[in-house]
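Here's the structure, in structure tokens; my notes come after.
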Amino acid sequence: MDNKFVINIGGVQLDLRRPAVMAIINVTPDSFWEGSRRGSDAASIRQWVDRAVGEGASILDVGGYSSRPGADEVPPDEEYDRVARAVGIIRESHPETVVSIDTFRASVARRVVENFGSCIINDISAGELDPEMVAVVASLGVPYIAMHMRGTPRDMQQRTGYDDITAEVRDYLAARAQTLKEAGVTGVILDPGFGFAKTAADNYQLLDGLSQIAALGYPVLSGVSRKSMIYKVLDITPAEALPGTVALNWESLRQGASILRVHDVREAVELVKLHGFYNKAIKKDIPDGTYD
């Protein structure tokens, strides 16, 4: 297997040949789902982190800037302070757990890595909102998640409209991966950006073609958890969108996703296990009597 699927984070090896679960740790007051907002309370952050690790998360994705449409602007120092508070708690209580930083700002990425050690940098703009990001990630020697988006979180939903969304997103991510490689970034992960500059129909067409993005040969992250592509279609709230999330996560795995980014860790971990057993069973690679 291509070693692109074995990601090195400061000497820790994350093997994505088996799908991993990434837990969302929002240290923001305004994320789209109220149930995921941890704010600045250390006890609440610690409780959420402990639960995510206990339920089997392989990666904790810490975000201090909500990327939902219309979210408030957050100054870089405030974003860093929010993220640092959570990463400090994680490093103290679960130092062995891989941390991802959800930021598009090179200054935030640099400060976190310099103060807390190697992390994955998860950038919703694939380096296009901050021209320094790619060079900073390369200099830090940390893995990088490049996501497809048009515009900014404030205006992205006015920038939909595709002739062939799967082909356009695939080609964009292939080009960004090449740019990252040329810049010296290793450990690249691709994210099609469900919900970012995409209509509900766009999202489902993209999900149907996710295998084409996986075919580029890089690990693919799927982030559909409780998003509007689920709750608006079903005419429910984000709080009621867990069953729909599980359904779309199964399809993501079927299409070749290597990481599921989720609010609900236990359900995702169980899904990965079931999907792995399913694949072995259909190949008749299960010992007789297993789980009878």
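Computed from the coordinates by the stated procedures, all read-outs in this text should not be read as laboratory data. Remember, predicted model here, so these are calculated numbers, not experimental data. Quick reminder, even Gly has a Cβ in these numbers, built from the backbone with ideal geometry, and neighbours come from all protein chains shown.
Quick rundown of the values:
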quantity	calculated
The range 73-177 - percent relative contact order, Cα under 8 Å, separation 6 or more	21 percent
Global geometry of the range 126-221, whether rounded, prolate or oblate, following the gyration tensor of its Cα atoms and the 1.5 cut on a/c	oblate
The chain, helix-only ellipticity at 222 nm - DSSP H runs n ≥ 4, -39,500 (n - 2.57), divided by all residues, nearest 500	-13000 deg cm²/dmol
Rounded to 5, percent antiparallel among DSSP beta bridges of the chain	10 percent
Relative intensity, log₁₀ I(q)/I(0), of the range 36-185 from a Debye sum that treats every alpha carbon as a point, q = 0.14 Å⁻¹	-0.73
Entry for Cα extents along the principal axes in Å (calculated from the structure that is shown) out of (1) 56, 47, 42; (2) 65, 61, 33; (3) 42, 38, 38	(1)
Computed FRET value (nearest 0.05) for E251 with D41, which takes r as the C-beta separation and R₀ as 35 Å	0.50
Gyration tensor verdict on the range 131-173 (Cα atoms; rounded if a/c is under 1.5, prolate if a/b is larger than b/c, oblate otherwise)	oblate
Added length on full extension, which subtracts the Cα-Cα distance from 0.36 nm per residue, D15 to L274	91.4 nm
Under 5 Å, built H, 5+ apart or other chain: amide partners of A20	I259, L260
Shape of the range 166-286, Cα gyration tensor, a/c cut at 1.5	oblate
Taking the chain and dividing mean pair separation by its residue count, relative contact order in percent (alpha carbons under 8 Å, at least six apart)	19 percent
Highest-MSF residue in the chain out of V185, V108, V233 [GNM, Cα springs under 10 Å]	V233
Added length on full extension, which subtracts the Cα-Cα distance from 0.36 nm per residue, K232 to A200	10.7 nm
